[in-house]
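Structure record follows, encoded as structure tokens.
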Amino acid sequence: MKGIQFFKTIQLKLIIIYVLLILFAMQLIGIYFVNALESSFTKNFSDSMDSDARLLVQYVSEKNLSTDPEARPEDIKKSREDLDRLVEEWYKVNNSEMQILNANGEVISMSNPNPAILGQKNTQQVVSRALQSIKDKETERDITDVDGLRKKMMARPVMKDGKVVGAVYIVKSMEDLYGNISRINQIFLTGTIIALAMTALLGVMLSSTITNPIKEITKQATAVAEGNFDRRLKVYGQDEIGQLSNVFNNMTSRLKEALAINEEENEKLASILTSMNDGVLATDERGRVIVLNRRAKQMLGVQEEVALGMDLFVLLGIPREPGLLEAQEGAQQKVITLPDRGEDDEELQVRLSVTSIHRREKGISGNIVVLQDVTEQEKLEWSRREFVANVSHELRTPLTTIKSYLEALEDGALEDPELAKRFVGVTRNESERMIRLVTDLLQLSRLDSKQAGLKKQMTEVSDMLEEVADRFSFQLQQRNISIGIRVDSTVGQVMLDRDQIDQVLDNLVSNSIKYTGDGGKLVIGAKYSSDKQFVEISVEDNGIGIPRKDLGRIFERFYRVDKARSRNMGGTGLGLSIAREIVRAHGGAITLESELSQGTKVVFTLPVGTSDSGVED
């Protein structure tokens with residue numbers, strides 16, 4: 001794999017460039033050199049042959065080349081012998097084939113005598129042009145014979161008394177010349193190969209000085225991309241690559257600092273989002289959820305992996321309102337009801353606040369959605385409205401009655417003593433009822449504002465319960481209702497505000513008597529809780545009971561199961577609310593269990609301990 005990768009590296013490209021440059025330069029120089037050398041060798045070869053030919057011409061011109069039949073045979077013979085000897089010696093010295101031709105172009109002497117050639121006419125063009133005394137390059141030519149040998153032939157005229165009396169024809173092999181040129185080419189080729197090898201080796205060494213720092217920078221960039229910012233590049237020099245290494249080290253340090261700051265900010269933001277009591281979501285420009293905090297997941301009842309990527313309106317379970325995610329200025333708010341998330345989870349009233357994120361030249365790039373749970377606020381607002389309505393109703397009824405009876409008295413009923421007495425009695429009862437209502441409201445107000453001080457003292461629980469039973473003994477006898485007291489022997493004294501707890505017990509026992517039929521049964525008991533930290537005091541009857549649908553609201557202020565009957569019995573609808581607040585002020589809790597037509601059991605707890613856990617005057 002590394003070998004394959006090497007062919008894709010800059011180092012190989014640099015080596016190839018170096019080698020190609022050297023190869024191109026060597027070839028250019030080699031071609032020029034070889035051509036120049038070949039031209040020089042050829043010219044020297046030709047000049048040497050020409051010198052030989054001219055010298056031979058001078059010797060031959062002194063001999064008799066005439067073919068005149070009138071010439072003496074002795075002279076002709078002697079001349080031929082001299083020419084043969086000259087040619088033979090010349091051949092031994094110059095190793096070149098020579099022919100001496102007469103004016104007719106007939107061979108009269110040659111270096112290698114051949115009867116088939118001697119006396120015959122030489123028809124070579126160079127010979128013909130030499131005999132014609134034509135001076136041009138055609139008097140010498142390069143040839144290749146039947147054996148594949150390269151030769152050069154040359155012919156020069158022999159002049160005597162201004163006339164051409166013959167010619168000298170020389171043929172000399174050029175194989176030695178081309179052999180020398182070939183050896184020079186081989187030497188040059190060998191030198192080129194050695195130079196290329198040295199260049200490649202030098203290219204590897206030189207290119208590594210460039211590519212090694214680049215490889216280090218690449219490794220550093222990979223390490224930085226993987227989150228390793230502690231690695232540093234080694235700077236080999238102050239050249240451009242060294243400066244690049246310094247800059248990269250600098251950049252790595254700055255990037256490490258920037259990422260550390262960014263990570264710290266992200267952790268702060270994550271901590272803030274996690275600790276917020278409001279749900280926070282972030283969406284992209286299409287309204288898809290990209291971030292949500294822990295509180296948002298709790299409120300929506302979804303897992304993060306499910307919520308991410310969902311459409312905001314689908315996640316919230318509300319109709320799509322595109323304009324809600326296109327706020328230009330400020331935040332858009334809307335109160336919505338989140339759907340039920342299960343049997344035990346009630347519907348949440350949520351104030352939805354949407355703020356758009358604007359990016360320059362892009363417009364809206366996302367939205368921040370804040371989910372504020374206003375369920376309790378809505379409940380309190382509803383309770384406030386209901387409380388005002390209930391108080392107004394409770395006060396209006398006796399006031400209307402008082403007004404009616406006063407008007408009747410004013411219209412003449414005052415003159416009738418019996419009627420006047422009855423009307424005054426009704427007016428007094430209604431006034432007392434309003435006084436009880438106002439007194440209960442004031443007490444609730446003090447309990448709500450923590451202004452009702454508790455005067456705690458050690459109290460014997462059994463004695464307190466017996467006194468409650470004594471206070472209601474007359475009413476119990478009238479209704480033929482039996483009462484029992486069950487106190488565990490282990491229960492002793494408890495620190496409590498006797499007056500306040502007596503009010504709680506009186507209210508619970510009074511309610512039991514009211515809603516228990518004649519001949520019923522009532523039980524007051526006390527025992528320790530399982531963890532021995534509280535005393536549980538209970539009031540149980542076998543009366544008419546309370547419907548299951550009303551159990552959840554039984555401790556609400558002014559709430560009555562049977563409003564008409566309760567009002568006729570003189571109740572204000574605040575007794576259980578006051579009892580709950582008194583028990584809470586003591587640090588306990590109150591619960592109610594009931595089955596319709598089976599009876600009701602109310603249990604409240606008081607902390608065991610001698611230290612004061614409430615507020616005292």
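A few points about this structure:
- Candidate set from the range 316-331 (those that are open to solvent by 20 Å² or more (accessible area, probe 1.4 Å) and either under 21 Å from the mean Cα position of the chain (by Cα) or within 13 Å of residue 369 (Cα to Cα) (or both)); member that is modelled with the lowest pLDDT: 330
- Screening residue 298 on (1) in contact (Cβ under 8 Å) with a residue 24 or more places away in the chain; (2) closer than 19 Å to residue 349 by Cα shows it passes everything except condition (1).
- Of the criteria (1) open to solvent by 60 Å² or more (accessible area, probe 1.4 Å); (2) at pLDDT below 75; (3) over 27 Å from residue 177 (Cα atoms), which one residue 65 fails: (1)
- Of all residues in the range 445-459, one or more are closer than 21 Å to residue 607 by Cβ, among the β-branched types (Val, Ile, Thr) and at pLDDT 75 or above.
- Looking only at the range 283-308, and only at residues there that are among the aliphatic types (A, V, I, L, M) and surrounded by fewer than 16 Cβ atoms within 10 Å (Cβ to Cβ), the one that is nearest to the chain's Cα centre (by Cα): 290
- Qualifying residue in the range 239-255 (condition: open to solvent by less than 80 Å² (accessible area, probe 1.4 Å), in a helix (DSSP H, G or I) and touching a Lys or Arg at 6+ places or on another chain (Cβ under 6 Å)): yes
- Selection of the range 332-376 for residues being more than 28 Å from the chain's Cα centre (by Cα), assigned to a loop (DSSP other than H, G, I, E, B) and either closer than 17 Å to residue 289 by Cα or modelled with pLDDT under 70 (or both) yields 339, 340, 341, 342, 343, 344, 345, 346.
Okay, residues lined up against (1) open to solvent by 10 Å² or more (accessible area, probe 1.4 Å); (2) among the hydrophobic types (A, V, I, L, M, F, W, C); (3) not in a strand (DSSP E or B):
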| residue | (1), (2), (3) |
| --- | --- |
| 490 | yes, no, yes |
| 496 | no, yes, no |
| 502 | yes, no, yes |
| 505 | no, yes, yes |
| 518 | yes, no, yes |
| 522 | no, yes, no |
| 532 | yes, no, yes |
| 536 | yes, no, no |
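- Set side by side, the residues 273, 233 differ, and just one is within 25 Å of residue 365 (Cα to Cα) and hydrophobic (A, V, I, L, M, F, W, C), which is 273.
- Condition met for residue 580 (among the basic types (Lys, Arg), out of contact with any Pro (no Cβ under 6 Å at 6 or more places or on another chain), surrounded by 16 or more Cβ atoms within 10 Å (Cβ to Cβ) and at pLDDT 85 or above): yes
- Test: residue in the range 544-551 that is assigned to a helix (DSSP H, G or I), surrounded by fewer than 19 Cβ atoms within 10 Å (Cβ to Cβ) and at pLDDT below 75: no
- Boolean, residue 260 is among the aliphatic types (A, V, I, L, M), within 18 Å of residue 372 (Cα to Cα) and either open to solvent by less than 80 Å² (accessible area, probe 1.4 Å) or assigned to a helix (DSSP H, G or I) (or both): no
The values are calculated or read from the model by the stated rules, or taken from the named source; none is laboratory data. As the structure is a prediction and not an experimental result, all values here were calculated from the model. So basically every Cβ, Gly included, is an ideal-geometry build from the backbone, and we count neighbours across all protein chains shown. With ligands, DNA and RNA removed, areas are computed over all heavy atoms of the protein, side chains included. Shrake-Rupley method; radii C 1.70, N 1.55, O 1.52, S 1.80 Å.
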